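Visitor: One structure coming up, written as structure tokens, with questions to follow.
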Amino acid sequence: MPQYPLRSSPPWHFRLAKWLIRNRIRGGFQTIELAERMGWLNYDCRYQLSDKVAVDVPLYRRVNQVALPDLLAYERLLVNLLTEQINRFPRPATWIDCGADIGMLTALVAAGCKELKEVVALEPNPLPFAYLERNFSLLPFPHRAIPSAVADFRGRGKLAYSPHDPSDHSRFLAPDEHGELDVTCIDDLGIGPGTPLAIKIDVEGGELAVLRGAKQTLTNSSHWVVAFEAQRDVFHRTRIDPCECIRFLEGLGSKKAQVAERPEIKLDFSRPYFEQVSEKITNVVCMHSTD
């Protein structure tokens with residue numbers, strides 16, 4: 001991981017560029033590209049999300065180039081839905097982030113939760129994992145950062161690139177017994193029975209495998225909420241319909257499935273997901289309670 005200075009706010013030109021982009025005024029992207037070439041973004045920036053949670057963001061890494069207003073708006077509908085459910089649980093929940101990157105979504109959820117029993121995140125890519133560890137050290141809750149991919153088996157694998165997107169955010173797990181990555185499953189994390197759970201899954205097509213590898217943990221939980229990303233391009237690559245994940249969770253006791261960005265849609269689990277949801281990328285949230 002490069003060792004760059006830590007700032008409490010981004011440089012003025014970065015803030016200006018992001019303001020231009022948010023307001024759809026020309027010049028914002030060009031300003032950021034110039035700043036990258038000149039090395040003006042060779043900083044880490046620490047954003048304070050609440051009085052108890054902060055997160056460090058590498059401005060030099062394009063997929064993490066966010067100003068504070070962008071970060072606070074990041075997956076806001078999903079974060080609100082998750083924190084609302086977690087705060088309703090009768091006991092503090094364990095949060096599990098599969099495909100955590102540097103931990104931005106975990107930090108946003110943690111900032112909105114009254115209490116968490118434990119925060120667990122898994123990320124196989126070494127560079128974002130280094131920031132994930134650093135950001136977890138800033139959390140007020142017990143935490144574990146695990147340098148591993150997540151699936152329904154234990155073994156080895158490698159990260160492959162999506163034909164639609166060459167960025168790190170779109171890399172996905174390919175099993176490979178000689179691969180450089182550890183692969184584990186949620187059932188091997190040692191989560192105690194009866195623990196309320198909140199699980200977020202963003203693994204670029206391996207969502208159903210992650211759920212299969214969490215079957216026992218979910219079965220043993222009294223209350224849970226599971227969120228996973230549904231992406232049209234990923235579906236075209238894997239041919240795994242997001243409704244397969246919903247039906248799997250329904251078999252484990254899910255009482256409700258909601259599209260975070262489109263709560264008005266009443267999903268028919270027997271129909272193809274993207275016949276019902278027009279957006280290319282959404283988040284599905286499934287919930288279960290024994291109450």
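Visitor: In the range 246-289, which residues are touching a strand residue (DSSP E or B) at 6+ places or on another chain (Cβ under 9 Å), of a type in the set (Ser, Thr, Tyr) and more than 22 Å from ALA198 (Cα to Cα)?
Guide: Correct list: TYR273 only.
Visitor: Let me ask something else about it. Please verify whether the range 24-40 includes one or more residues that are farther than 25 Å from CYS113 by Cβ, part of a loop (DSSP other than H, G, I, E, B) and either among the polar types (S, T, N, Q) or in contact with a strand residue (DSSP E or B) (Cβ under 6 Å, 6 or more places away or on another chain) (or both).
Guide: Among the residues of the range 24-40, not one is farther than 25 Å from CYS113 by Cβ, part of a loop (DSSP other than H, G, I, E, B) and either among the polar types (S, T, N, Q) or in contact with a strand residue (DSSP E or B) (Cβ under 6 Å, 6 or more places away or on another chain) (or both), which makes the answer no.
Visitor: Residue under question is ASP168, and the condition is that it be surrounded by fewer than 19 Cβ atoms within 10 Å (Cβ to Cβ), under 19 Å from ILE201 (Cα atoms) and either outside the structural domain of GLU118 (by TED's automatic domain parsing) or at pLDDT 90 or above (or both); does it hold?
Guide: no
Visitor: Continuing with the same structure: For the range 86-127: of the residues being of a type in the set (S, T, N, Q) and modelled with pLDDT of 95 or more, which is surrounded by the most Cβ atoms within 10 Å (Cβ to Cβ)?
Guide: If we take residues in the range 86-127 being of a type in the set (S, T, N, Q) and modelled with pLDDT of 95 or more, then THR106 is surrounded by the most Cβ atoms within 10 Å (Cβ to Cβ).
Visitor: Can you tell me which of (1) touching a residue at least 60 places away in the same chain (Cβ under 8 Å); (2) touching a strand residue (DSSP E or B) at 6+ places or on another chain (Cβ under 8 Å) is the one PRO142 doesn't meet?
Guide: (1)
Visitor: What is the residue count in the range 14-63 for residues that are in contact with a Phe, Trp or Tyr (Cβ under 7 Å, 6 or more places away or on another chain), in contact (Cβ under 8 Å) with a residue 60 or more places away in the chain and surrounded by fewer than 17 Cβ atoms within 10 Å (Cβ to Cβ)?
Guide: 1
Visitor: Being surrounded by fewer than 17 Cβ atoms within 10 Å (Cβ to Cβ), in a strand (DSSP E or B) and of a type outside the set (S, T, N, Q): is that true of ARG156 here?
Guide: yes
Visitor: Among all residue pairs at least 6 apart or on different chains, which show Cβ distances below 8 Å where the first residue, located in the range 114-126, is in the same structural domain as ILE191 (by TED's automatic domain parsing) and the second is acidic (Asp, Glu) and in a strand (DSSP E or B)?
Guide: Close Cβ pairs (under 8 Å, with a partner that is acidic (Asp, Glu) and in a strand (DSSP E or B)) amount to VAL119/ASP97; VAL120/ASP97; ALA121/ASP97; LEU122/ASP97; PRO124/ASP182.
Visitor: In the range 249-267, which residue that is part of a loop (DSSP other than H, G, I, E, B) and small (Gly, Ala, Ser) is surrounded by the most Cβ atoms within 10 Å (Cβ to Cβ)?
Guide: If we take residues in the range 249-267 being part of a loop (DSSP other than H, G, I, E, B) and small (Gly, Ala, Ser), then SER254 is surrounded by the most Cβ atoms within 10 Å (Cβ to Cβ).
Visitor: Specify the residue that is farthest from LYS200 (Cα to Cα); the eligible residues are those in the range 241-291 that are in contact (Cβ under 8 Å) with a residue 24 or more places away in the chain and among the basic types (Lys, Arg).
Guide: In this case the residue turns out to be ARG271.
Visitor: Go through the range 236-248 and report how many residues are at pLDDT 95 or above and in a helix (DSSP H, G or I).
Guide: 7
Visitor: Can you tell me which residues in the range 273-285 are surrounded by 15 or more Cβ atoms within 10 Å (Cβ to Cβ) and either assigned to a loop (DSSP other than H, G, I, E, B) or not assigned by TED's automatic domain parsing to the domain that holds ALA160 (or both)?
Guide: Passing the criteria: GLN276, VAL277.
Visitor: Check off (1) part of a strand (DSSP E or B); (2) touching a helix residue (DSSP H, G or I) at 6+ places or on another chain (Cβ under 8 Å); (3) of a type in the set (S, T, N, Q) for SER270 and give me the number that stays unchecked.
Guide: Condition (1) is where SER270 drops out.
The values are calculated or read from the model by the stated rules, or taken from the named source; none is laboratory data. Bear in mind that the values here come from a model prediction, so they are computed numbers and not experimental data. Here Cβ is always computed from backbone atoms with ideal geometry, including for glycine, and neighbour counts include all displayed protein chains.
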